[in-house]
Amino acid sequence: MTAELIDGKQAARSQRKLTTDRAAELNDEPALGILVAESDKPSRAYAKFLSKRGKKIGLRVDATTYPDDITPGRFAEDLSEVQQGVDGLLVMRPLPAQLDPAAVDELIDPRRDVDGVHPHNVGLLALGRPRFIPATALSMLRLLLSTGIELQGRRAVIIGRSPTVGKPLFQLLLSRHLTVTVCHSRTKDLAAVAREADVLAVAVGRPHLVTPEFVKPGAVVLDAGYNWDDDAGHELGDVHPDVAGTAGFLTPVPGGVGPLTTELMLANAVEAARGLAGLSTEVV
Ligand code: NAP
């Protein structure tokens, strides 16, 4: 079998058009604020990229850098100031060691929380009535839906249980009536568990961890992996490309989950500006 590749770039283009139309309906230009640590080059580069993308859809992106040795008190003041002037706020990770990630999540106004990390938004998603959904998990669901396969009652296995990808994806797939297993670093017989999946979603951060022996023939395989490889000159997925010989559908890396994730993050900011605060009604 040769898997059909799920075109994340095409999905991203469609989303971009929708978001552009919605941004144009607003009286004021919507704005997304980003906070990023001074020495965090990859996050600064991503903030710059979001800024460029934002321009294309009519979204202003204000990226603010803060010194790595900032005190928690000063960080809270800066965050509060930035978020008053924007519709959506994104705090890039990783944070410097002196900033407690859980405390930072709670500083974000839940109605501006485009990353869906505030406990309020995490709780709403768990209750099946989401407001902001973390963009990577939402991207994976959207690409899964684009295959058109029947989902109810199918077996899903997610490898990875992070708060921003694996766990929210668990909630989304459960809402779609799949039977979902979540695996992690201490799961035994990982390949055997994965092989039970009609839908296998991978968000681990280990290049090419998932090989054909993990995959049930014909399964849908969704790969969130983004592992930069200097030799290749591009990112590698968590799924080995040879899986295309076994899977029925596969999100490629690059060109799968990543491009749509970016557009959904920006879309969340525009939705916040429209007062709808999230894309929930369209996905669950
Ligand atoms: P993370 O917070 O580091 O979580 C990784 C998860 O994988 C953890 O639950 C960990 O288990 C599990 N894990 C690690 N090694 C494992 C192994 N050998 N077998 C089974 N499970 C294992 O990572 P993340 O933020 O979710 O990101 C995951 C990947 O997605 C990364 O490549 C990241 O760059 C990428 N990503 C992509 C996008 C995008 O838009 N494409 C966005 C965000 C992230 P424990 O919980 O037991 O430690």
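The values are calculated or read from the model by the stated rules, or taken from the named source; none is laboratory data. Please read these numbers as outputs of a predicted model, since none were measured by experiment. Virtual Cβ from ideal backbone geometry, glycine too; neighbours counted across all protein chains shown. All accessible areas refer to the heavy atoms of the entire protein, side chains included, with ligands and DNA or RNA removed. Shrake-Rupley method; radii C 1.70, N 1.55, O 1.52, S 1.80 Å.
Only one of the listed residues (ILE108, ILE149, ILE159) is in contact with a Cys (Cβ under 6 Å, 6 or more places away or on another chain) and at pLDDT 95 or above. That residue is ILE159. Cβ-Cβ distances below 7 Å connect the following pairs, each with a first residue in the range 5-34 that is assigned to a helix (DSSP H, G or I), a second residue that is acidic (Asp, Glu), and a separation of six or more residues or different chains: ALA12/GLU263; GLN15/GLU263; ARG16/GLU263; THR19/GLU263. For the structure I just gave you, tell me whether GLN152 is in the same structural domain as VAL202 (by TED's automatic domain parsing), in a helix (DSSP H, G or I) and either surrounded by 18 or more Cβ atoms within 10 Å (Cβ to Cβ) or more than 9 Å from the ligand (Cβ to nearest atom) (or both). Spelling it out, it is not the case that GLN152 is in the same structural domain as VAL202 (by TED's automatic domain parsing), in a helix (DSSP H, G or I) and either surrounded by 18 or more Cβ atoms within 10 Å (Cβ to Cβ) or more than 9 Å from the ligand (Cβ to nearest atom) (or both).
May I ask you to say which residue of PRO30, PRO42 is at pLDDT below 95, in contact with a strand residue (DSSP E or B) (Cβ under 9 Å, 6 or more places away or on another chain) and of a type outside the set (A, V, I, L, M)?
Answer to the selection: PRO42.
The sole residue among PRO67, PRO94 that is surrounded by fewer than 16 Cβ atoms within 10 Å (Cβ to Cβ), more than 23 Å from VAL257 (Cβ to Cβ) and touching a residue at least 12 places away in the same chain (Cβ under 8 Å) is PRO67. Looking only at residues in the range 161-183 that are aliphatic (A, V, I, L, M) and in contact with a strand residue (DSSP E or B) (Cβ under 9 Å, 6 or more places away or on another chain), the one that is farthest from the ligand (Cβ to nearest atom) is LEU178. Of all the listed residues (ASP68, ASP62), the sole one being of a type outside the set (Ser, Thr, Tyr), out of contact with any Ser or Thr (no Cβ under 7 Å at 6 or more places or on another chain) and not in a helix (DSSP H, G or I) is ASP62. If the condition is being over 12 Å from the mean Cα position of the chain (by Cα) and within 10 Å of the ligand (Cβ to nearest atom), then the range 223-255 contributes ASN227, TRP228, GLU235, LEU236, GLY237, ASP238, THR251, VAL253, PRO254.
Which numbered condition trips up PHE214, out of (1) open to solvent by less than 10 Å² (accessible area, probe 1.4 Å); (2) within 15 Å of the ligand (Cβ to nearest atom)? Result: PHE214 passes all but (1).
Restricting attention to helices (runs of 4 or more DSSP H) lying wholly within the range 167-284, give those where 3 or more residues are in contact (Cβ under 8 Å) with a residue 12 or more places away in the chain. Step through it out loud before you land on a result.
Numbers: elements: 190-194, 257-273, 280-283.
Where helices (runs of 4 or more DSSP H) fall fully within the range 167-284 and carry at least 3 residues being in contact (Cβ under 8 Å) with a residue 12 or more places away in the chain, they are 190-194, 257-273.
Looking only at the range 196-211, which residues are aliphatic (A, V, I, L, M) and open to solvent by 40 Å² or more (accessible area, probe 1.4 Å)?
Initial filter on the range 196-211 (aliphatic (A, V, I, L, M)): 197, 199-204, 209-210.
VAL204, LEU209 - these are the residues of the range 196-211 that are aliphatic (A, V, I, L, M) and open to solvent by 40 Å² or more (accessible area, probe 1.4 Å).
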